[in-house]
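Below you'll find the structure, written out as structure tokens, and then a few comments.
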Amino acid sequence: MRHKSRVNWPAFSLIAPAIIVLLAIGIYPLLFAVNISFRQYQLTKQYLGTGYVGLQNYITVFNDPLFWESLLRTGQFFLLTVPLQIVFGISIALFIDGIRWRPLSFLLRVLLVLPIAVTPTVVGLIGRLLFNRDFGLMNYLLGLLQIAPVSWLGEPVPAMLTIALVDIWQWTPFVALVMISGLAIVSPDVLESGRLEAGQGWNLFWHVQMPYLLPGLTAVLILRTADILKLFDMVFVLTRGGPGVSTELVSVYVQRVGFRVFDLGVASAQAILLLLLCIVLSRGYIRLFYREVEA
Amino acid sequence: MTVLRGKRRVWTDLWQAVLALFLAGIFLLPVYWMVTTALKTTIDTFAVPPVLIFQPTFEHFLAVYTEGPVLKSLLNSLVIAATSTALAVIIGAPAAYVLARFNFRGKADLWFWIISNRFISPIVVALPFFLIARDLRLLDRHPALILVYLTFGVPLVVWLCVDQFRAIPREVDEAARVDGANLGQVFLRINLPLAMPGIAVAAILAFITSWNELMFALVLTSTEARTAPVEAANFMTGFGIRWGPMMATGTLIVLPVLLFALLVSRSLVRGLTMGAVK
């Protein structure tokens, strides 16, 4: 028997590059950000120097209503998009799972991949086109229903709806694909005996199929939470956070403070808080859902 | 009775086909609209009601081609994404092999740490990256983005390849060791070729992610190393949006990605969820 404490040098040399690289580009910048967050660091006011200011940046963030509003707005955006993505995603998954003609269900599953892969920056550009007030397709379709044209990108509430609709378009297919793989685990036997006990339709779904979807649902919630806290490119191109700050999600706001106001100290403090939030939320989710699956 | 059931089946098939068509329409429409707008004359673009049948023109693609910056940015994107992906595979695949084959203390923690890179918001590290790149004089140069894109490239490759290496039976390794091969040779000559399908998928996903990235590129490049998404986002600044060239640029950026995505459609979800869903 080999000693466990002995280092297997050949194996170590294979894994070391990955560890070193991730330390250098994953951990080091994080520590760097923590360091900056305790410093005075305004690129446009270099004469102030970059000395330590203690918790000053964090106090600034805590007293900055714009930061909290952008977080609140991100929460609203989450509530506008994720529940609908889950409902649509599960519906589409059930529909595709129920298609008897194999080529059709295969084709749909392949098509679902496309929106996810489209470059978010380009998605933002397409949004500009479709939601254009004067010649956009959306207003034309509304016109067919006798609804007056909406200034989608020119007013706060429609602008928020626009980025939400675009996000729903891009990420519902992702939820659907995750749910399809969940449904695929349900064995025909389980489904058959479930039909006898729970009957058809809603009962069958809720009591028999739903438990199999919970792990996928957890994954979706964690990933969507992380991705919405990260969400930048699509919104940046589509609305730049405007009009005013009405669609300025938290990543867009932090980017503005960091790279358009150039107050890197405060922006770093915001980013660190954001990171903590993300960690707390994803841990909470994992605990909540996996307990439910076990019970 | 059987006739009735047969009729019902036909109806089910029919409404399923209609609904499928509707779904496909919704998910494809925006991309279709982009491509057709790129092929429309400017007059047709502004037409209300929208022109559905038109004589396609390549003037916007031609404009994009002759003006140059978009082409240059596509080339930059290609160089950066391809190099970063290659590095991610070179660094990530051996690590995945070790994680798949060996047990050691702290493996679970190491595992979790590698994966957790998926959850770090780019804005958190974009600020320090900017300052570090500035001090190293790497701003607006390819190496900066190539290195930064390893933050998601390496975890992606590690995660997807571990499964692939686990699927290769250990007996293969042992037989080679008996024949006198060392660990490096066992990995390079035997496991690597067998794991190629999984590595290819991981590489494609890493490439797509790098190709699509905007925030780091916006922060770390300005003119020389500017990538295609930055160039595309630039169409929104300044006066008067040039819809045709903008959509032509979008089409040029998106088409290769869509082709790649179709290639790996089965593994895309596994890659995006970091294996949380098989």
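With +1 assigned to the C-beta of every Lys and Arg and -1 to the C-beta of every Asp and Glu, and no other charges, what is the dipole magnitude of the protein assembly as shown about the Cα centre in debye, to the nearest 20?
920
Grab the beta carbon distance between B:Thr12 and A:Ala198, set R0 = 22 Å, and tell me the FRET efficiency rounded to 0.05.
0.55
Can you work out ³J(HN,Hα) from phi for every residue in the stretch B:194-210, in order, using Karplus 6.51 cos²θ - 1.76 cosθ + 1.60 and θ = phi - 60°, giving whole Hz and x for Gly and Pro?
5, 8, 3, x, x, 5, 4, 4, 4, 5, 4, 5, 5, 5, 4, 4, 5
What residue among A:Leu223, A:Leu108, A:Leu22 has the largest mean-square fluctuation in a Gaussian network model of chain A, using Cα springs under 10 Å?
A:Leu22
How long is the stretch B:2-46 along each principal axis, judged by its Cα atoms, biggest number first, in Å?
58, 16, 12
How large is ³J(HN,Hα), in whole Hz, for each residue of the stretch A:60-66 in order, when computed from phi with the Karplus curve 6.51 cos²θ - 1.76 cosθ + 1.60 and θ = phi - 60°, using x for Gly and Pro?
For the stretch A:60-66, the Karplus curve yields 4, 5, 4, 9, 9, x, 4 Hz.
Whole number please: convex hull volume per residue, Cα atoms of the protein assembly as shown, in Å³.
204
For the stretch A:64-294, what is the Kirkwood hydrodynamic radius in Å, using each pair of distinct C-alpha atoms?
19.6
Given the options B:Asp44, B:Asp140, B:Asp163, which has the most mean-square fluctuation in a GNM of chain B, springs set between C-alpha atoms less than 10 angstrom apart?
Judging by the Gaussian network model, the answer is B:Asp44.
Which one, A:Val250, A:Val157, A:Val21, has the greatest fluctuation when you compute a Gaussian network model over chain A with C-alpha springs under 10 angstrom?
Checking each option, the largest mean-square fluctuation is seen for A:Val21.
Taking amide H positions as placed 1.01 Å from N in the peptide plane, with prolines and chain starts having none, which residues 5 or more places from A:Arg39, or on another chain, fall under 5 Å of its amide H?
A:Val53
Bear in mind these aren't lab numbers, they're just calculated from the coordinates by the rules spelled out. On a predicted model such as this, the values are computed, not experimentally measured, just so you know. All Cβ positions, even for glycine, are placed from backbone atoms using ideal geometry, and neighbour counts span all protein chains on display.
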